1. So for segment 230-242 (the condition being surrounded by fewer than 15 Cβ atoms within 10 Å (Cβ to Cβ), acidic (D, E) and in a helix (DSSP H, G or I)), does at least one residue qualify?
2. Residue by residue through segment 46-68, note down the ones that are at positive phi and touching a residue at least 24 places away in the same chain (Cβ under 8 Å).
3. In segment 140-150, what residues are touching a Gly at 6+ places or on another chain (Cβ under 8 Å) and either free of Cβ contacts under 8 Å to residues at least 60 places away in the same chain or basic (K, R) (or both)?
4. Scan I10, I40, I63, I89 and give me the residue that is touching a strand residue (DSSP E or B) at 6+ places or on another chain (Cβ under 8 Å), at pLDDT below 95 and within 23 Å of A123 (Cβ to Cβ).
5. Run down L106, L141 and say which single residue is surrounded by 17 or more Cβ atoms within 10 Å (Cβ to Cβ) and part of a strand (DSSP E or B).
6. Suppose we filter D137, D112 for residues that are of a type in the set (D, E, K, R) and without any contact (Cβ under 8 Å) to a residue 60 or more places away in the chain; which single one remains?
7. Are there any helices (runs of 4 or more DSSP H) wholly within segment 22-88 with 3 or more residues that are of a type in the set (A, V, I, L, M) and crowded, with 18+ Cβ neighbours inside 10 Å, and if so which?
8. Please go through segment 213-224 and pick out each residue that is among the hydrophobic types (A, V, I, L, M, F, W, C) and either surrounded by fewer than 13 Cβ atoms within 10 Å (Cβ to Cβ) or without any contact (Cβ under 8 Å) to a residue 60 or more places away in the chain (or both).
Amino acid sequence: MRIEPKVTMIASGKGGTGKSTVSVLLGSRLAARGKKVLLIELDSGLRSVDIIAGVYGKTVYDIEDVLSGRCEGSKAVVESPIYPGLSVISAPYEGGAVRGDALEVLTKRMTDYFDEIILDTAAGMGEAFQAAARVSDRALLVLTPDPVALRDGRIAADALLDGGMRTVRLVMNRVRADSFRTSGVRDLDECIDTVAVQLIAVLPESAEVQRAAAQGQPLAAGCTACRAVDALAARLQGELVPLVVR
């Protein structure tokens, strides 16, 4: 019997935490584990997933076209040429509304074709956040180790939990060796205590990730950052692996 796909929303509270990059890399590592993955970008007007996933210039339709009924969802799906098994529906370059009812119809239809669906939301708790929360089975909050990101992450976590989301997990991203000496945050324990949700991954600051994302190139499978995201994918699949990859 086919296992029902998981719909995972990726949120952040504030912008600039690396949410979209994590969305693409997580999708790529789930795909590397044999899953058929669809990443839907909901950050209208601040489109970046197409570049990170290597589909820039290959998209004809976007999520606004789908949700408004201008095209079928299948016509907007583009396979990543750099991450086999990962497909993308991009956000529009500008404008576009994210309606929860239309997104719910789309995700239900796509479960016939994909094992995992990832929703890359916009920063904050606006329309995209609310629509994604309505259709998702779980949420990952991608935050950086600074007081503003953690405070905003706590607000987002509370909103998700109060809204009935059963599984909300914390992904600490762009963590450097000196992060807790310079940011005003003591340690990972303070991050967890501030956001008040379970930590599921610690992803390092990485020049390789920044370069790969900017150039639309695949992240080298053996690098520390890739292994850290792979550990996140493994934990989401129920495997017991270390939180911190060295």
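The values are calculated or read from the model by the stated rules, or taken from the named source; none is laboratory data. Just so it is clear, the structure is predicted and the values come from calculations on it, not from any experiment. Cβ placement follows ideal geometry from the backbone for every residue including glycine, while neighbour counts extend to all protein chains displayed.
1. Scanning segment 230-242 turns up no residue that is surrounded by fewer than 15 Cβ atoms within 10 Å (Cβ to Cβ), acidic (D, E) and in a helix (DSSP H, G or I).
2. If the condition is that a residue be at positive phi and touching a residue at least 24 places away in the same chain (Cβ under 8 Å), then G54 is the only one that fits.
3. Answer for segment 140-150, where residues must be touching a Gly at 6+ places or on another chain (Cβ under 8 Å) and either free of Cβ contacts under 8 Å to residues at least 60 places away in the same chain or basic (K, R) (or both): D146, P147.
4. After applying the criteria, what remains is I63.
5. Unique residue meeting the criteria: L141.
6. Result: D112 is the single residue among D137, D112 that is of a type in the set (D, E, K, R) and without any contact (Cβ under 8 Å) to a residue 60 or more places away in the chain.
7. It comes to 63-67.
8. Of everything in segment 213-224, those that are among the hydrophobic types (A, V, I, L, M, F, W, C) and either surrounded by fewer than 13 Cβ atoms within 10 Å (Cβ to Cβ) or without any contact (Cβ under 8 Å) to a residue 60 or more places away in the chain (or both) turn out to be A214, A220, A221, C223.
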